[in-house]
Amino acid sequence: QVQLVESGGGLVQPGGSLRLSCAASRIMIRGYNMGWYRQAPGKQRELVAGITSGGITTYADSVKDRFTISRDNIKNTLYLQMNSLKPEDTAVYYCNTDPRTRAYWGQGTQVTVSS
């Protein structure tokens, strides 16, 4: 079955950077619209960045100009470069298709922004 495995999270100070990776198997992500989602404690899971199969990117207002979504078609991997991180970016981050496919959710990767 399709597997999406997120990695790269961690603890970072405000203003810091992280790069998340999402390694895909049994799905060629270049053929799909893909997205990075996040879920903070007590909140709904939300889409923060998307990339279409044609390479067009979109961002939630809360992360625009700070986050960059990209993909490597050879490695079949999705990335999220996160700069100027804020405490409100603290959440578990997931990748999935856009719109989301319930069966594709992975374990996610925890991002904690704190001093």
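Worth a mention:
- Some residue of segment 55-65 being among the aromatic types (Phe, Trp, Tyr) and touching a Cys at 6+ places or on another chain (Cβ under 9 Å): no
- Strands (runs of 3 or more DSSP E) fully within segment 76-115 counting 1 or more residues that are more than 21 Å from GLY42 (Cβ to Cβ): 77-82, 91-97
- Filtered residue count, segment 24-41, keeping only those that are closer than 16 Å to VAL92 by Cα and at pLDDT 95 or above: 6
- Selection of first residues in segment 52-63 that are at negative phi and in a loop (DSSP other than H, G, I, E, B) and of second residues that are of a type in the set (Val, Ile, Thr) and surrounded by 13 or more Cβ atoms within 10 Å (Cβ to Cβ), restricted to Cβ pairs under 8 Å at least 6 apart or on distinct chains, gives the following pairs, ordered by first then second residue: ALA60/VAL48; SER62/VAL48; VAL63/VAL48.
- Cβ pairs under 6 Å, 6+ apart, first in segment 1-28 and without any contact (Cβ under 8 Å) to a residue 40 or more places away in the chain, second surrounded by fewer than 17 Cβ atoms within 10 Å (Cβ to Cβ) and not basic (Lys, Arg): ARG26/VAL2
- Taking the criterion of being assigned to a loop (DSSP other than H, G, I, E, B) and crowded, with 17+ Cβ neighbours inside 10 Å, the only residue of segment 1-21 that qualifies is GLY9.
- Of all residues in segment 81-95, at least one satisfies being open to solvent by 40 Å² or more (accessible area, probe 1.4 Å), under 28 Å from GLY31 (Cβ atoms) and either in contact (Cβ under 8 Å) with a residue 12 or more places away in the chain or not basic (Lys, Arg) (or both).
- Selection from segment 26-44 of residues that are of a type in the set (Gly, Ala, Ser) and surrounded by 11 or more Cβ atoms within 10 Å (Cβ to Cβ): GLY35, ALA40
The values are calculated or read from the model by the stated rules, or taken from the named source; none is laboratory data. Just so we're clear, the structure is a prediction, and the values are computed from it rather than from any experiment. Reconstructed Cβ throughout: ideal geometry from the backbone, glycine too, with neighbour counts over all protein chains shown. Ligands, DNA and RNA are stripped out before the accessible areas are found, and what is left, the full protein with its side chains, is counted by its heavy atoms. Shrake-Rupley method; radii C 1.70, N 1.55, O 1.52, S 1.80 Å.
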